[in-house]
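Enquirer: Quick one: the structure is below, and I'll ask about it shortly.
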Amino acid sequence: MFYAMNTMYRVVVSHNPEHPNTYFIDICRDGFCSHDMIFEMQKKYYEDDNLQRVFNDSRGIMLVVSRDGNDRHLRYTWHNDYMARQHQALLRKKIDPQIMNVFDKMIEKGRMQTISVPLIEVETDLQRVCKEKGYAENLQEEEALKAAARAERLQQLKKIRHKYYLNQKYAAAPHLRLMLAQAERSGD
């Protein structure tokens, strides 16, 4: 019943450690992309590989909006540590109004998300980064490593097949091979 009455959005807030007071806030409706994917899109869109997530919690920030749009609130991961909760509360005082402003602008434009980068670009960059690291930190990176390994194996198989057919008797004249095969079938 809760899900029928509310719409949920994923929110990612990031910043460059060299410019800690400049925040990049992006929102996407839940079910269309993950927090990690939004963060990868931010790196690509803002052309900054040094971006870091401000709230790098397990579930990330969720924006819950009622169907009529009157009730909306942000849901953060609850910390058992008192100091972590205090730090989160200080950051929320600065960031929560900015998130709501970005959300209002997004809804005013009639959009479901604030950022859109073609996923193929993110995937190829993610594959490159994971391949350089050599290990995966989350599920998307693990899938990217598998896809990179498949693509590399496919390239190797294509090279082997090409070398094999180059060394065949009629490789330079495929029309002669076709003519011989047709002659065999017709009985000549």
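Enquirer: Looking only at region 40-47, decide whether some residue is within 15 Å of Leu74 (Cβ to Cβ) and in contact with a strand residue (DSSP E or B) (Cβ under 7 Å, 6 or more places away or on another chain). So that I can check it myself, show each step before the final result.
Expert: Taking region 40-47 first, the residues within 15 Å of Leu74 (Cβ to Cβ) are none.
No, there is no match, as no residue in region 40-47 is within 15 Å of Leu74 (Cβ to Cβ) and in contact with a strand residue (DSSP E or B) (Cβ under 7 Å, 6 or more places away or on another chain).
Enquirer: Right, something else. Does region 11-38 hold any residues that are under 18 Å from Arg75 (Cβ atoms) and without any contact (Cβ under 8 Å) to a residue 40 or more places away in the chain, and which are they?
Expert: Listed by number, the residues that qualify are Asp30, Gly31, His35.
Enquirer: How many residues, within region 44-77, are free of Cβ contacts under 8 Å to residues at least 24 places away in the same chain and either under 15 Å from the mean Cα position of the chain (by Cα) or at positive phi (or both)?
Expert: Number satisfying all stated conditions: 3.
Enquirer: Inside region 55-79, can you point out the residues that are of a type outside the set (Gly, Ala, Ser) and modelled with pLDDT of 85 or more?
Expert: Answer for region 55-79, where residues must be of a type outside the set (Gly, Ala, Ser) and modelled with pLDDT of 85 or more: Ile61, Met62, Leu63, Val64, Val65, Asp71, Arg72, His73, Leu74, Arg75, Tyr76.
Enquirer: Moving on. Which one is nearest to Val12 (Cα to Cα) among residues in region 78-94 that are open to solvent by less than 90 Å² (accessible area, probe 1.4 Å) and either under 17 Å from the mean Cα position of the chain (by Cα) or among the basic types (Lys, Arg) (or both)?
Expert: Arg92
Enquirer: Moving to a separate point now. Taking into account only those residues within region 95-115 that are in contact (Cβ under 8 Å) with a residue 40 or more places away in the chain and open to solvent by 50 Å² or more (accessible area, probe 1.4 Å), which is farthest from the chain's Cα centre (by Cα)?
Expert: Among them, the one singled out is Gln98.
The values are calculated or read from the model by the stated rules, or taken from the named source; none is laboratory data. Computed from a predicted structure; not experimentally measured. Neighbour counts are summed over all protein chains in view; Cβ atoms, including those assigned to glycine, are modelled from backbone coordinates with ideal geometry. Just so you know, the surface numbers come from the protein's heavy atoms only, side chains and all, with ligands and any DNA or RNA stripped out. Shrake-Rupley method; radii C 1.70, N 1.55, O 1.52, S 1.80 Å.
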